[in-house]
Structure formats: structure tokens, C-alpha cells
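> Let me begin by handing over the structure; questions about it come next.
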């Protein structure tokens, strides 16, 4: 069963340790990260997400980022992470555009 985790609106360096702890609690099963509320995200938080993506892939589980906010997408592209993201693979996906709410 895939579980959803809503990312907070602020993922700066002070939020990265809490993000890491939250992701560690969810290891071992497929996970969907909802990035629709993210307004601020820094390189340290992206590092946590990249490491998580690699861990989920190594464990054979999917890690998907969905509903990426415009700021999340812009920041990921600015850091060079979206088009060829390290978490991008058969079981891990990177957001290309924000999904419309139903």
C-alpha cells in the first residue's frame, strides 16, 4: 500500500532534520510525497529527498513526488534535479508539472 506524506510549506535547512526523521519513519513501503504546499525549499532539503529516492529505489519501493508547487519545480530545475534527477528511475518519479486538483 502506498502512503502519502504532505511536505510542509517551508523546507529550508532548519526543516531538513525533521524531513529526514519523517522519511526514516516511512522506509520500507512505497511513498508518495505531496509537494503542493512547498513555498520554500533549499539544497539541504533536496539532498534529503535525493538520498530518500536512492534508498527507496535500493529497497525496491517507489518514491513519487506529486502535485509539485511551481516553486518546488522551479527550485528543482534551478538545482539541476528535475529533468535528470538522481531519484528518477523505473520506480521513482520527479514532477514535471503540477497536477490539477480534482
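> Could we say that residue 81 is surrounded by 15 or more Cβ atoms within 10 Å (Cβ to Cβ), at pLDDT 70 or above, touching a helix residue (DSSP H, G or I) at 6+ places or on another chain (Cβ under 7 Å) and farther than 18 Å from residue 3 by Cα here?
yes
> Moving on. Select from the stretch 37-63 the residues that are over 16 Å from residue 19 (Cβ atoms) and surrounded by 15 or more Cβ atoms within 10 Å (Cβ to Cβ) and write down the one among them that is nearest to the chain's Cα centre (by Cα).
Step by step, filter the stretch 37-63, then rank; the result is 62.
> Is it fair to say residue 32 is touching a helix residue (DSSP H, G or I) at 6+ places or on another chain (Cβ under 9 Å), modelled with pLDDT of 90 or more and on the phi < 0 side of the Ramachandran plot?
no
The values are calculated or read from the model by the stated rules, or taken from the named source; none is laboratory data. The shown structure was predicted, so the numbers you read here are calculated from the model rather than taken from an experiment. Here Cβ is always computed from backbone atoms with ideal geometry, including for glycine, and neighbour counts include all displayed protein chains.
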